[in-house]
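One structure is given below, encoded as structure tokens.
Only the coordinates and a few stated rules stand behind these numbers; no lab work does. Since the structure is predicted, the reported quantities are computational estimates derived from the model, not experimental observations. Positions of Cβ are generated from backbone atoms using ideal geometry, with glycine treated the same way; all protein chains shown enter the neighbour counts.
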Amino acid sequence: MEKLYLKIAVCYFVAGVLLGMTMGIIHDFRLTSVHAHINLLGWVSMALFGLIYHFYPAAAQTKLARIHFWLHNIGLPIMMMAIGFQIWTGDAAFMPAAIIGSLLIVIGVLLFAINLFKQMPR
Ligand code: HEM
Ligand code: HEM
């Protein structure tokens, strides 16, 4: 799971900096918050999950870790696309999807926290 997290993280990093560069080139900063969260929830957070599981491998073997992995990796693309389309089109119909995506991530983070507290050696 740690390698998978790091590989997914680096893909978000590529997407995040490409979006940042594009925003800079075309001087359109509407997608700043999509860019920020692709980098922070995609690259930074997932790279940290990967590194943490590298140092605490027992924590990566649990059901909680697997559920968290899927919640984060389903929630994040939903949240990013929904916020992106919402900003791009100005259509509030994308809002519920953004909320659902964010909630999946938040629930996943809670499970990640519980998992670490349970699995980390004292
Ligand atoms: C070459 C890489 C990058 C480029 C070209 C880039 C470009 C940009 C641009 C053009 C903005 C909008 C600035 C504005 O609205 O005034 C921005 C905002 C932001 N970027 Fe990047 N970025 C890059 C990498 C990153 C990385 C790696 C992270 C996080 C790990 C990051 C986090 C943020 C955040 C949090 C904001 C919002 C800042 C705010 O609200 O004031 N960026 N970036
Ligand atoms: C599910 C989790 C998260 C949700 C729902 C969320 C939500 C939000 C919202 C609603 C904003 C305001 C956006 C705007 O003004 O347009 C925001 C901004 C910001 N968030 Fe998050 N956030 C989450 C996770 C994170 C994480 C994990 C980080 C850092 C590691 C982070 C860093 C930031 C930063 C730097 C900004 C300001 C950049 C900007 O202008 O968009 N967020 N977030």
Sorting ILE38, ILE78 on the 10 Å Cβ count, fewest up front, what's the list?
ILE78, ILE38
Computed over the chain: longest principal axis from alpha-carbon atoms vs helix 63-89 long axis, angle to nearest 10 degrees, is 10 degrees
At 37 °C in a medium of viscosity 0.692 mPa s, the range 21-93 has a Stokes-Einstein diffusion coefficient, with Rh taken as the Kirkwood radius over alpha carbon pairs, in µm² per second, of 234 µm²/s
From the phi of every residue in the range 8-17, what ³J(HN,Hα) in whole Hz does the Karplus formula 6.51 cos²θ - 1.76 cosθ + 1.60 yield, where θ is phi - 60° and glycine or proline is x?
5, 4, 5, 5, 5, 4, 4, 4, x, 6
Relative to the longest principal axis of the chain, what angle (0 to 90°, nearest 10) does the C-alpha long axis of helix 45-55 take?
20 degrees
Over the alpha-carbon set of the range 1-50, work out the extent along each principal axis and list the three values in angstrom, largest first.
38, 14, 9
Just want to confirm a number: the relative contact order over the chain, from Cα pairs under 8 angstrom separated by 6+ residues, in percent.
27 percent
Run lengths n ≥ 4 of DSSP H only: what is the helix-derived mean residue ellipticity at 222 nm for the chain, with -39500 (n - 2.57) per run over all residues, to the nearest 500?
-26500 deg cm²/dmol
Note the angle between two axes, namely the Cα long axis of helix 95-119 and the longest principal axis of the Cα atoms of the chain, as a number of degrees from 0 to 90, rounded to the nearest 10.
20 degrees
Taking the alpha-carbon distance from LYS63 and a cut-off under 18 Å, which lysines remain once sequence neighbours fewer than 8 residues away in the same chain are dropped?
LYS3, LYS118
Computed for the chain: size of charge dipole around the Cα centre, +1 on C-beta of each Lys and Arg, -1 on C-beta of each Asp and Glu, debye to nearest 20, value 500 debye
Where the eigenvalues come from the Cα gyration tensor of the chain, what are the semi-axes √(5λ) of the equivalent ellipsoid, largest first, in whole Å?
29, 17, 9
